[in-house]
Amino acid sequence: MKKRLISAVFAALFLPLATAQGAEKPENREVLFGETHLHTLLSFDSYIFGNRNTPDDAYRYAKGETIQHPAGFDMTLTDPLDFQSVTDHAIYLGMLPAMHDPKLEVSKHPLSLNIRKAKTQAERLAAFQQLFPRLNKSDKRDDLVDEKIMKSAWAKIIEAANRHNEPGKFTTLIGYEYTSGPQNQNLHRNVFFRGDKAPSLPFSRIMSPNPEDLWAWMDGLREKGMDTIAVPHNSNGSNGLMFMKKKWDGSPMDMDYAETRMRNEPIVEMTQVKGDSETHPLLSPNDEFADFETMPFRIGAWVESQPDGSYVRQAYLRGLEMAAQGKGNPYRFGMIGASDTHVGAGAFDEDNYWSKVGLVDSNARLRGSVPMEQPNPDGTAYNINNFHTWSASGLAAVWASSNTRGDIFDAMRRKETYATTGPRIKLRFFASADFSRNIENRADMVKRAYREGVSMGGDLTLKGRRAPEFLVWAMRDARSYGLQRIQIVKGWLKADGASAEKVFDVACAGGKKPGRDHRCPDNGGTVDVKTCKASAKTSAGELKTVWQDPEYQKGQQAFYYVRVLENPSCRWSTWDALRAGVPPRPDVAVTVQERAYSSPIWVN
C-alpha cells in the first residue's frame, strides 16, 4: 500500500495543475503521448502488402479499440494514445485501391494485374519491386497519377481526422508523408497541419523531389493562414543526404537556408520501426550505448547507408560548426518518435510485436526471427530480408497546455518534445544559470524551473563564468521496466572550431553515484533469456537530479540533451524465439535497453 501511495504521489506531480484563468502557465503543461507516422490502405506500400485498414480504423485503434491485422489476428493497445496523425504517402495516394474498380482507367494499368493477383509473400514483394523504382523518378507525367482519385483519398483522410478529433480527450492532426528518396537515399518527411483545413492536394515527390521546394510550398500556405510543419524521419537510411553540409543543388548553405529549414522543420522523428537515428558507433566510438537498433540499409534496398550525415547527434554538432561560420544552424531541431506502421496500428511493445508491412512480415518466420521450416537454397536458416533489423518503436511525447490541435502543434514548434522507443517514460528537462537551491526537492519545482530557466527545446544564454545547471526528472512507465540511469549528452565547439561530444551519467538507480569516469556503477540488471524475466529490484521508478557541467568553459557554444535508459529486457526477436521454442537468432541483439531522448537545450 505504501509503494502504491508513493507512486501515486509521483504520478500526480507529472499531471497538470488546475487550469488558471488568463494567460497560459507553462507549469500547467501535461505530457501527452502520440503516434505521428502511420499508413492505411490509402498508401501504396500498405495496400500492396495486404492492409485494408482505413483512417477510421487507425483512429479507433489509437483510442483503444481492437482492429484486425491483415493476417487476421487482433491488434489492441495496452493504453489509448492521446493524439495521432494518419500520414499516408502523398505519392500514388489512393491509387492502388482504385485499381480494383473496373470502371476506372487505372484498373487497366500494366501494373494493376500483378498487384491485384499477388497473394504470397514472394508475389507481393515482386509487385512492390515493379512499383518501387517509380519513386526515384521525377516525372510529372507519371501514368500512375490520377489527381481526381488522389484528391478523393486526401479528402477522406481530412474528413476522418476532423471526425475523430475530440478536443481535451483525443487529438488528431491532419497529415501526410512527402516521399523523396533519390537512389533509395531517404529524404522522407511527414507534414502536419495546425488546423482543420488543408489544401485540396498535398505537395508530393511528383511535384518535386527537392525538400526545399516543399518548404517553399509550406511558406506559401503559412502566408494564407495555414500553418504547417514537416518532420524528417529515417535519417539513418539517407546515406548522408539528410544532414548534408550543402544545399540540394550543391551550393553552400547560408543563413537564409538555415532559417527556412528551421521555420519548416523544428523537430525530427528520431526513432521508429526502421531503426534508431540518434547516433552510430562509428560516429560516437566512446559511447557504449551508441549501437542501439542500428538499421544499416537505405530505405527499401539492400544497399548500405553511410553513417556520415545520417544521424541526429552528428547533425547537432554540424549545426554548431555552421553557426560559428556565419551560416546559421539548420539543425537546431527537437526530437520525437513514431512507428511508421503500415497496418494502421503501431506495434510499440517488444512482447507484442507485429512488425510493419502486413502479410509479408506478419509472423516470426517471415520477419526472420525464427528459422524457416526448410533452409534456403544457400543453406541459411532464416528468411532472407532485413526485417530482423527493425524495431518495436516508437512514440512522440509533447508537453502541451491541453490536448488540442493548437497546443500540441505549438509544443512541436517550440520543441518541447521528446522521443521514446515505446515505453511511456515521463521526462522533464530544464537548464538555468542558477536554479534555486534544492529546487529538485521543492513542491513548486516545475514552476520555479520554468521561471528560472528554459525547458527542453529552448536556448539558454549565460553571462559570466558560471557553468549551466540542468534539472532532469524521469519516471518509469508502470507497464514497462525500471529505469537504470539518466545520461546527459553534450556537444560543443572547441577553441579551434571543431566539434566534440561526451556522455555523462548524471543519475543512477539504487541510490548509486556516477564515478570519476562519469559512469554509473553496474546495477546488476539482468534478463533470463529462457523466460524473458527481467530483474526488477535493481531498477528505479523515478530518477531526479540537478547536474552542473564540470567541464564547461566560459563562452562555449554547446547543446545538451537527455537520454534515459531502462534496465535490459528481451528484444522482440527474442520473444519470438521463446514462443517458438528455439534459441534466439545469433546475429541479432538478444536484449534491448528501451530509452527516451529529450530535445536538446542549446547554451551560449
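The values are calculated or read from the model by the stated rules, or taken from the named source; none is laboratory data. Since the structure is predicted, the reported quantities are computational estimates derived from the model, not experimental observations. Cβ sites come from the backbone with ideal geometry, for glycine too, and all protein chains shown count toward neighbours.
If you check E123 against the conditions, is it acidic (D, E), assigned by TED's automatic domain parsing to the domain that holds D349, farther than 15 Å from G50 by Cα and part of a helix (DSSP H, G or I)? Don't jump to the end; show me each part of the working.
Working: acidic (D, E): yes; assigned by TED's automatic domain parsing to the domain that holds D349: yes; farther than 15 Å from G50 by Cα: no; part of a helix (DSSP H, G or I): yes.
Against the criterion (acidic (D, E), assigned by TED's automatic domain parsing to the domain that holds D349, farther than 15 Å from G50 by Cα and part of a helix (DSSP H, G or I)), E123 does not qualify.
For residues that are outside any helix (DSSP H, G or I) and hydroxyl-bearing (S, T, Y), scanning just the stretch 302-331, find the one that is nearest to Y257 (Cα to Cα).
Within the stretch 302-331, the subset outside any helix (DSSP H, G or I) is 302-311, 325-331.
Then drop every residue that is not hydroxyl-bearing (S, T, Y), which leaves 305, 310-311, 331.
Values: S305: 25, S310: 19, Y311: 20, Y331: 11 Å.
Looking at the filtered set, the residue picked out is Y331.
Can you name the residue in the stretch 547-562 that is aromatic (F, W, Y) and not in a loop (DSSP other than H, G, I, E, B) and is also farthest from G457 (Cα to Cα) among such residues? Lay out the reasoning, then the answer.
Narrowing the stretch 547-562 to residues aromatic (F, W, Y): 547, 552, 559-561.
Narrowing the set further to residues that are not in a loop (DSSP other than H, G, I, E, B) leaves 547, 559-561.
Details: W547: 18, F559: 10, Y560: 10, Y561: 9 Å.
Result: W547.
In the stretch 58-77, which residues are small (G, A, S) and buried (at least 22 other Cβ atoms within 10 Å of the Cβ)?
Taking the stretch 58-77 and keeping what is small (G, A, S), we get 58, 62, 64, 71-72.
Of everything in the stretch 58-77, those that are small (G, A, S) and buried (at least 22 other Cβ atoms within 10 Å of the Cβ) turn out to be A58, A62.
On the given criteria, is T66 of a type in the set (S, T, N, Q), in contact (Cβ under 8 Å) with a residue 24 or more places away in the chain and in the same structural domain as R163 (by TED's automatic domain parsing)?
no
For the stretch 528-539, does any single residue satisfy the condition of being assigned to a strand (DSSP E or B), touching a residue at least 60 places away in the same chain (Cβ under 8 Å) and hydrophobic (A, V, I, L, M, F, W, C)?
As a first pass, look at the stretch 528-539 and keep what is assigned to a strand (DSSP E or B): 528, 533-534.
Next, from what is left, pick out any that are touching a residue at least 60 places away in the same chain (Cβ under 8 Å): none.
No, the conditions are met nowhere in the stretch 528-539.
What is the residue count in the stretch 179-190 for residues that are crowded, with 20+ Cβ neighbours inside 10 Å and under 22 Å from M253 (Cβ atoms)?
Step one: of the stretch 179-190, the residues crowded, with 20+ Cβ neighbours inside 10 Å are 179-181, 184-190.
Narrowing further to those that are under 22 Å from M253 (Cβ atoms): 180-181, 185-189.
Number of matching residues: 7.
Please specify each residue of the stretch 39-66 satisfying the condition of being more than 19 Å from K156 (Cα to Cα) and out of contact with any Pro (no Cβ under 8 Å at 6 or more places or on another chain).
Within the stretch 39-66, I48, E65, T66 meet the criteria.
I need the full set of residues from the stretch 505-519 which are under 16 Å from G482 (Cα atoms) and surrounded by 21 or more Cβ atoms within 10 Å (Cβ to Cβ), in order please. Spell out the reasoning first.
Taking the stretch 505-519 and keeping what is under 16 Å from G482 (Cα atoms), we get 507-512.
Once the filter is applied, which keeps residues that are under 16 Å from G482 (Cα atoms) and surrounded by 21 or more Cβ atoms within 10 Å (Cβ to Cβ), the stretch 505-519 yields A507, C508, A509.
Can you find a residue in the stretch 463-476 that is of a type in the set (F, W, Y) and either loosely packed, with under 15 Cβ neighbours inside 10 Å or within 15 Å of N567 (Cα to Cα) (or both)?
First, the residues of the stretch 463-476 that are of a type in the set (F, W, Y): 470, 473.
If we keep only those that are either loosely packed, with under 15 Cβ neighbours inside 10 Å or within 15 Å of N567 (Cα to Cα) (or both) as well, we get none.
No - not one qualifying residue is present in the stretch 463-476.
Taking the stretch 427-445 as the search range and keeping residues that are assigned to a loop (DSSP other than H, G, I, E, B) and of a type in the set (K, R), which one is farthest from A478 (Cα to Cα)?
First, pick out the residues of the stretch 427-445 that are assigned to a loop (DSSP other than H, G, I, E, B): 433-438, 442-444.
Subset that is of a type in the set (K, R): 437, 442.
Working: R437: 30, R442: 24 Å.
Within the stretch 427-445, the match that is farthest from A478 (Cα to Cα) is R437.
Exactly one of these conditions fails for S480: (1) surrounded by 23 or more Cβ atoms within 10 Å (Cβ to Cβ); (2) closer than 23 Å to E594 by Cβ. Give me its number.
(1)
Filter the stretch 230-286 down to the residues that are surrounded by fewer than 18 Cβ atoms within 10 Å (Cβ to Cβ) and of a type in the set (D, E, K, R), then identify the one that is farthest from A323 (Cα to Cα).
In this case the residue turns out to be D249.
One line per residue, one yes/no per condition, for (1) of a type in the set (K, R); (2) farther than 25 Å from W302 by Cα; (3) over 22 Å from the mean Cα position of the chain (by Cα):
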position	(1), (2), (3)
D349	no, yes, no
K356	yes, no, no
D361	no, no, no
N385	no, no, yes
S401	no, yes, no
E416	no, yes, no
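Working only within the stretch 189-209, note down all residues that are assigned to a loop (DSSP other than H, G, I, E, B) and out of contact with any helix residue (DSSP H, G or I) (no Cβ under 9 Å at 6 or more places or on another chain).
Step one: list which residues in the stretch 189-209 are assigned to a loop (DSSP other than H, G, I, E, B), which gives 194-209.
Listed by number, the list holds a single entry, I206.
Output the residue which, of all residues in the stretch 563-604 that are of a type in the set (D, E) and outside any helix (DSSP H, G or I), is farthest from the chain's Cα centre (by Cα). Explain how you work it out, then say what you get.
Narrowing the stretch 563-604 to residues of a type in the set (D, E): 566, 576, 587, 594.
Filter again for outside any helix (DSSP H, G or I), leaving 566, 587, 594.
On the way: E566: 18, D587: 25, E594: 13 Å.
Within the stretch 563-604, the match that is farthest from the chain's Cα centre (by Cα) is D587.
Restricting the search to the stretch 99-133, which residues are under 31 Å from the mean Cα position of the chain (by Cα) and in contact (Cβ under 8 Å) with a residue 40 or more places away in the chain?
I115, Q121, R124, L125, A127, F128, L131, F132
With P102, P80, P55 as the choices, which residue is surrounded by fewer than 23 Cβ atoms within 10 Å (Cβ to Cβ), at pLDDT 95 or above and either on the phi < 0 side of the Ramachandran plot or not β-branched (V, I, T) (or both)?
Numbers: P102 fails: at pLDDT 95 or above; P55 fails: surrounded by fewer than 23 Cβ atoms within 10 Å (Cβ to Cβ).
So the residue among P102, P80, P55 that is surrounded by fewer than 23 Cβ atoms within 10 Å (Cβ to Cβ), at pLDDT 95 or above and either on the phi < 0 side of the Ramachandran plot or not β-branched (V, I, T) (or both) is P80.
Restricting to the stretch 285-301, what's the tally of residues that are in a loop (DSSP other than H, G, I, E, B) and under 20 Å from the mean Cα position of the chain (by Cα)?
Start the filter on the stretch 285-301 by keeping residues that are in a loop (DSSP other than H, G, I, E, B), which leaves 285-296, 298-301.
Checking the rest, the ones that are also under 20 Å from the mean Cα position of the chain (by Cα) come to 289-296, 298-300.
Looking only at that region, the number is 11.
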